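Participant: After the C-alpha cells below, expect a handful of questions from me.
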Amino acid sequence: MHVIALSSWRKCFILSISLIMVVCSISAQSIADSLARAKRNKESGEKAAITEIYSPVPPIVTPGKTDAEPPSDAVVLFDGKNLDLWRAEGPDSTKAPGWKVHDNIVTVDKKAKGIMTRQRFQDYQMHLEFRIPENIAGSGQARGNSGIFLACISDSGSDVGYELQILDNYNNTTYVNGQVGSIYKEGVPLVNPSRKPGEWQIYEIVWKAPRFKADGTLNSAGEVTVFLNGVLVQNDYHLIGGTEYIGFPHYTKHGPAPIKLQAHGDPSEPISFRNIWLRPL
C-alpha cells in the first residue's frame, strides 16, 4: 500500500511539473507574440504617420440650424430686411437699388433694372432662393426670365459676365442652353428639376473665377458646380468664356467682380428672391 501511494504521488508530482512547464511555455509564447505584435503595430504606425497631416487645422464653422440658413462665416447678402449690400447696376456706384423689399423677400422691379453687390468677389459658395410668380404668363424666354451673373465684369449696366439662368421651365420649353440651370447660351444643364410656379426654388453654387496671365491671356477657365432644388445641374463645368446673347463666348481679363441679379426685359410678372448668402473661398 505504501509503495502504491508513493508511486501515485510521484505521478501527480510529475504531472504537475509538466503542466507548469506547459503553462510557462504558453505564457512565454504569448508574451513573445504580444511583443512582436506591438513591434509590428509601431512600425505600421510610423509608416502611416508619414502621410498624416496635422497642421494647419481647418477653422471651425458653425453651420446654420438648417441647410438654408447661413453658416457662421457667411456674407449675408440679403436676409429679408434691406438691400444695403447692393446697388443699382450702372456706372453710378452710389445709386441705391430700386427693387422692393417686402414680407422678408425682394421682388424685381424691371423698370429699375438689375442690382449688383457693392462688394467684389472671386471664388465662393453661394446660396440663393427664387420664386416664379404663381400667375406667371408668357412662354419660352418670356416667362419668369432672370439670371445670376456669377461675376459681372462691367459697371456699364450691360449684361457682361457669366450668367446662370433663371427661367420658368416647369412645362415651358426653350433652347436647352437657355433654360433654368444653364450657363446661358453655353452650358446645358444635366437635368431639369424645376418646381411649379409659386414654389420657392433653391440654387446652391460653387464658383471658381477664371484666372488670367499678365498679358491678358487665359490662365485657367472659370469653373462652376450648381445644384437646383438639391439636384446637380452643372458638374464642375468649365466655361468657354463670358455670356454672349449674340455670338460665341470669349474671355476678357478681369479680377474680383460684383455679383449681379438681372431684371430681364420680358413682359412676364417679376420674380422674387430671398435668403441670399455666400462664403468666400
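Participant: Post the alpha-carbon centroid distance, the stretch 35-108 to the stretch 130-145, in whole angstrom.
Facilitator: Each part reduced to its Cα centre gives a spacing of 32 Å.
Participant: Something else about it: Could you calculate the contour length gain from Tyr245 to Trp200, that is, 0.36 nm times the residue separation minus the distance between their Cα atoms, to one decimal place in nm?
Facilitator: Details: separation 45, 0.36 × 45 = 16.20 nm, distance 2.74 nm.
Going from the current span to full extension adds 13.5 nm.
Participant: Can you list the aspartates and glutamates whose alpha carbon sits under 19 Å from that of Lys81, skipping same-chain ones fewer than 8 residues off?
Facilitator: Glu69, Asp103, Asp109, Glu129
Participant: Considering only DSSP states other than H, G, I, E and B, which trypsin sites (Lys or Arg not before Pro) in the stretch 220-281 qualify as loop sites with at most 15 other Cβ atoms within 10 Å?
Facilitator: Details: sites: Lys253, Lys260, Arg274; in loops: Lys253.
Hits after loop and neighbour filter: Lys253.
Participant: Grab the eigenvalues of the alpha-carbon gyration tensor for the stretch 27-137, scale each by 5, take roots, and send me the semi-axes largest first in whole angstrom. Spell out each step's value before the answer.
Facilitator: On the way: eigenvalues 700, 61, 26 Å².
Semi-axis lengths for the stretch 27-137 are 59, 17, 11 Å.
Participant: What's the angle, to the nearest 10 degrees (0 to 90), between helix 2-49's Cα axis and the longest principal axis of the chain?
Facilitator: Tilt of helix 2-49: around 20 degrees.
Participant: In the structure displayed, which of Lys111/Lys185; Lys95/Lys213; Lys95/Lys196; Lys111/Lys208 lie more than 30 Å apart, Cα to Cα?
Facilitator: Numbers: Lys111/Lys185 25 Å; Lys95/Lys213 33 Å; Lys95/Lys196 35 Å; Lys111/Lys208 32 Å.
Violating the 30 Å limit, Cα to Cα: Lys95/Lys213; Lys95/Lys196; Lys111/Lys208.
Participant: Based on the mean of other Cβ atoms within 10 Å per residue, sort peptides 240-248, 190-198, 223-231 so the most packed one is first.
Facilitator: Working: 240-248: 13.7, 190-198: 15.6, 223-231: 17.7.
Packing proxy ranking, top to bottom: 223-231, 190-198, 240-248.
Participant: What is the packing order of peptides 88-98, 138-148, taking the mean over residues of other C-beta atoms within 10 Å and listing the highest first? Don't skip to the answer; put the middle values down first.
Facilitator: On the way: 88-98: 15.2, 138-148: 20.2.
Ranking the peptides 88-98, 138-148 by packing returns 138-148, 88-98.
Participant: Same structure again: Which aspartates and glutamates have a Cα less than 19 Å from the Cα of Lys39, not counting those fewer than 8 places away in the same chain?
Facilitator: none
Participant: If you take the beta carbon distance between Thr217 and Arg40 as r and set R0 to 45 Å, what does 1/(1 + (r/R0)^6) give as a FRET efficiency, to the nearest 0.05?
Facilitator: Values: r = 55 Å, r/R0 = 1.22.
For Thr217 and Arg40, the calculated efficiency is 0.25.
Participant: Let's test the formula: R0 of 25 Å, r as the Cβ-Cβ distance of Leu232 and Ala96. What FRET efficiency results, to the nearest 0.05?
Facilitator: Details: r = 37 Å, r/R0 = 1.46.
That gives a FRET efficiency of 0.10.
Participant: Which of the following values of semi-axes √(5λ) of the Cα gyration tensor in Å was calculated from the structure shown: (i) 28, 23, 20; (ii) 69, 23, 19; (iii) 38, 23, 16?
Facilitator: (ii)
Participant: What do you get for Rg/Rh over the stretch 184-281 if you use C-alpha atoms and the Kirkwood form of Rh? Kindly include the intermediate steps, with their values, before the conclusion.
Facilitator: On the way: Rg = 15.4 Å, Rh = 15.7 Å.
Checking Rg against Rh, the ratio lands at 0.98.
Participant: Would you mind getting me the FRET efficiency between Thr225 and Val57? Use the beta-carbon distance for r and R0 = 22 Å, nearest 0.05. Could you put the intermediate results ahead of the total?
Facilitator: Working: r = 26 Å, r/R0 = 1.18.
So the FRET efficiency works out to roughly 0.25.
Participant: While we're looking at this one, here's another question. Could the peptides 112-119, 35-42, 52-59 be put in order, highest first, of the mean number of other beta-carbon atoms found within 10 Å of their residues?
Facilitator: Numbers: 112-119: 20.1, 35-42: 10.0, 52-59: 6.0.
Ranked by mean Cβ neighbours within 10 Å, highest first: 112-119, 35-42, 52-59.
Participant: How much length is gained on full extension from Asp266 to Ala32, taking 0.36 nm per residue of separation minus their Cα-Cα distance? Intermediate values should be presented prior to the final figure.
Facilitator: Numbers: separation 234, 0.36 × 234 = 84.24 nm, distance 8.30 nm.
Contour length minus Cα-Cα distance gives 75.9 nm.
No lab work stands behind these numbers, since they all come straight from the coordinates. Quantities reported herein were computed from a predicted structural model and do not represent experimental measurements. Positions of Cβ are generated from backbone atoms using ideal geometry, with glycine treated the same way; all protein chains shown enter the neighbour counts.
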